[in-house]
Each structure stands twice: as structure tokens, then as C-alpha cells.
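The values are calculated or read from the model by the stated rules, or taken from the named source; none is laboratory data. All of these numbers come straight from a predicted model, not from anything done at the bench. Cβ coordinates were reconstructed from backbone atoms using ideal geometry, including for glycine residues, and neighbour counts include every protein chain displayed.
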Amino acid sequence: MSVTIENVKDVLRRHIAEVLYCGPEEVEEDVDFSDLGLDSVLSAELTSAINSEYGLQTDIEVIHQNPKLSLLAQYVVDQAAVTAA
């Protein structure tokens, strides 16, 4: 699996769209997840999807600390690099 920032953004955009029941094109890079309607329950679903996709063990706090697609994608890339090392 390629863990580039653009690849991760695409995968995350798809997962976010799935939990929000919207199209991936509606998930803009620099819009806060809360503005998209992502609440704590949906954040838990998203966290689970991220962990499954990338083999990470993050918790829901990651979503709150990285509340935009661009920030969350960078976090995932960084964590995937640490996990692979």
C-alpha cells in the first residue's frame, strides 16, 4: 500500500464520506470535520476505519487534534512511517 500524502487524502476522503453518507467530493481539504457534521460517534467510526486501513492504533482524540482532512492525512502519513520503521 502506498502511503503518500495524496493517497492518504484520497483514502481518508472516502472513509469520511462513508461515515457522513455524502460524496467524497463534498469532503474539502481544509474544512473542519465538525463543520461537515462529524460528531463523536462518527469520529469513532472514522478512527476505526483509519486503524483498519493503516494498521494503526489511534484513538478518537486524533480526530479532534487533527480536525481537517489535510491535518489528519499528515498525521496518518507520519504514524504509518513510524509503524513501518
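For the residues ALA44, ALA17, the requirement of being surrounded by 11 or more Cβ atoms within 10 Å (Cβ to Cβ) and touching a Gly at 6+ places or on another chain (Cβ under 7 Å) singles out ALA17. Within the stretch 67-81, being free of Cβ contacts under 8 Å to residues at least 40 places away in the same chain and within 18 Å of SER52 (Cβ to Cβ) holds for TYR75, GLN79. Filter the stretch 3-18 down to the residues that are among the charged types (D, E, K, R) and either over 11 Å from the mean Cα position of the chain (by Cα) or part of a loop (DSSP other than H, G, I, E, B) (or both), then identify the one that is nearest to LYS68 (Cα to Cα). Ranking the candidates gives GLU6 first. Identify all residues within the stretch 72-85 that are part of a helix (DSSP H, G or I) and either within 21 Å of GLU29 (Cβ to Cβ) or of a type outside the set (S, T, N, Q) (or both); write none if there are none. Those that are part of a helix (DSSP H, G or I) and either within 21 Å of GLU29 (Cβ to Cβ) or of a type outside the set (S, T, N, Q) (or both): LEU72, ALA73, GLN74, TYR75, VAL76, VAL77, ASP78, GLN79, ALA80, ALA81, VAL82, ALA84.
With respect to the conditions (1) modelled with pLDDT of 95 or more; (2) among the acidic types (Asp, Glu); (3) in a loop (DSSP other than H, G, I, E, B), ASP35 lacks only one, and its number is (3). Just a yes or no: is a residue in the stretch 19-31 part of a helix (DSSP H, G or I) and in contact (Cβ under 8 Å) with a residue 24 or more places away in the chain? Yes, the stretch 19-31 contains at least one residue that is part of a helix (DSSP H, G or I) and in contact (Cβ under 8 Å) with a residue 24 or more places away in the chain. Those residues that are more than 14 Å from ASP32 (Cβ to Cβ), among the hydrophobic types (A, V, I, L, M, F, W, C) and within 10 Å of the chain's Cα centre (by Cα), I need them from the stretch 44-76; list them, please. Selection gives ALA49, ILE50, VAL62, ALA73, VAL76.
Of all residues in the stretch 48-71, those being assigned to a helix (DSSP H, G or I) and surrounded by fewer than 18 Cβ atoms within 10 Å (Cβ to Cβ) number 10.
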